[in-house]
Amino acid sequence: MTAVSIIYARKQIEHAEWLPDKAALWELIGLTPELASDPTVMVPVAAYHDLMEVIAESEFPDLKFHMKTCRSMRCDEFGVFGLAFKSAPTLRQGFQRIWRYVRLHNRVADFSAGQEGDRYCWSMQAPNVDRLGNYLSREAAMGTTLTLCRETTTQDLQPRHVQFMHEREGSIDALVEHFGCVPEFGAQSDALHFDVEQVDQPCTIGDPAIWSFLISHLDQEMEKECDPEKNFETQVVEEITKLLSGGVPQLSDVSKSMGLGGRTLQRRLSERGQSFQSLTDEARRQLAQQLIRSSSYSFSEIAFLTGFSEQSAFSRAFKRWSGQTPKAYRGALRERVAAET
């Protein structure tokens, strides 16, 4: 089910200052306030978007409620997920591991994290639904991420750049105040960009032992959410993808980041009829196609980000994967988008 945790809906209702009839808002999403303290209770995304739009209508054009909601968020309210993020030794380590667990409270979007030059990027991919509720939900997701980052580091933390795919009507003053910069709209993706130095600073209450314990607990929760057989291979591909910008990772690098021994990783792949080499190839293919679809990177930059030292080698591999050169693939995508619009 495409849904978000009730914690988001509860907070939005609390900050609907111009709508005193809270019972009507709860009825709109088909839930009751008695369920509000359990972050595992989910709200269908369409109902959540309806809620956002009703509240927005009461404030338009000076929309502030969703940023007030973001500022009120606390790690502890997200259960084990929030506590794990809070105990991460650094923001980089938090982002590198936590992104896969976001689905425990947000089943609408997929998140990813990685270094891009001198920036560290936290990005979100979600269905591009053309409605204000979806746009405000995306802004709130990024705003909440920043609030949780500030709780673990410093309240002065400001991203270097903030961007959203959508265009927006109404005032964006509340966003500028919260993020500390003017967001870019009409971008290739929704993302927060931080300076590398910011994500590598020790978190104020980071604790490696507690972090490791809570991550183990989250792994168990994810096993309940997904098919374990399929999930393991997906995890390996995701780990490889995160490391590609530093060159093609070795099996030992990936096993270490997953908390496994090298022989254990090799054995578990063999049991599933997979090899580390084939999953590395798959990770490179997926990332290359994603970057061509959703970014303005040059092909030489994409080659680097997918672990190729030369653009020519990347082009040969891409043609093997898709039957097209990178240029032809991007051109076909643009023609398809133009035809649909």
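The values are calculated or read from the model by the stated rules, or taken from the named source; none is laboratory data. Note that the structure is predicted; figures quoted are calculated from it, not measured. FYI the Cβ positions are ideal-geometry reconstructions off the backbone, even for glycines, and counts take in every protein chain you see.
What the table below lists for this structure:
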read-out: Qualifying residues in region 69-94 (those that are basic (Lys, Arg) and in a helix (DSSP H, G or I)) - the one surrounded by the fewest Cβ atoms within 10 Å (Cβ to Cβ); value: 71
read-out: Restricting region 135-149 to residues that are within 24 Å of residue 293 (Cα to Cα) and aliphatic (A, V, I, L, M), the residue that is surrounded by the most Cβ atoms within 10 Å (Cβ to Cβ); value: 136
read-out: All positions within region 234-257 that are buried (at least 17 other Cβ atoms within 10 Å of the Cβ), farther than 25 Å from residue 329 by Cα and not polar (S, T, N, Q); value: 236, 239, 249, 251, 254
read-out: Of all residues in region 1-59 being farther than 24 Å from residue 75 by Cα and in contact (Cβ under 8 Å) with a residue 60 or more places away in the chain, the one that is surrounded by the fewest Cβ atoms within 10 Å (Cβ to Cβ); value: 1
read-out: Matching option when the condition is crowded, with 16+ Cβ neighbours inside 10 Å, closer than 26 Å to residue 79 by Cβ, in the same structural domain as residue 12 (by TED's automatic domain parsing) and of a type outside the set (S, T, N, Q), among 175, 132, 214, 192; value: 192
read-out: Some residue of region 201-208 being small (Gly, Ala, Ser), more than 21 Å from residue 122 (Cβ to Cβ) and not assigned by TED's automatic domain parsing to the domain that holds residue 158; value: no
read-out: Check on residue 297, within 28 Å of the chain's Cα centre (by Cα) and either farther than 23 Å from residue 243 by Cβ or basic (Lys, Arg) (or both); value: no
read-out: Test: residue 199 is surrounded by fewer than 14 Cβ atoms within 10 Å (Cβ to Cβ) and β-branched (Val, Ile, Thr); value: no
read-out: Residue ranges of strands (runs of 3 or more DSSP E) in region 107-207 with at least 2 members modelled with pLDDT under 95, out of contact with any Gly (no Cβ under 7 Å at 6 or more places or on another chain) and under 27 Å from residue 245 (Cα atoms); value: 110-116, 119-125
read-out: Count of residues meeting criterion [touching a residue at least 40 places away in the same chain (Cβ under 8 Å) and aliphatic (A, V, I, L, M)] in region 267-293; value: 4
read-out: Number of positions in region 258-292 that are surrounded by fewer than 15 Cβ atoms within 10 Å (Cβ to Cβ) and within 26 Å of the chain's Cα centre (by Cα); value: 2
read-out: Whichever residue in region 176-197 is in contact (Cβ under 8 Å) with a residue 24 or more places away in the chain and among the aromatic types (Phe, Trp, Tyr) and, among such residues, is nearest to residue 92 (Cα to Cα); value: 194
read-out: Meets criteria (crowded, with 20+ Cβ neighbours inside 10 Å and either polar (S, T, N, Q) or within 22 Å of residue 9 (Cα to Cα) (or both)) for residue 111; value: yes
read-out: Residue within region 315-328 that is surrounded by 15 or more Cβ atoms within 10 Å (Cβ to Cβ), under 21 Å from residue 111 (Cα atoms) and not basic (Lys, Arg) present; value: no
read-out: Verdict on residue 97 being assigned to a helix (DSSP H, G or I), basic (Lys, Arg), more than 16 Å from residue 140 (Cβ to Cβ) and out of contact with any Ser or Thr (no Cβ under 9 Å at 6 or more places or on another chain); value: no
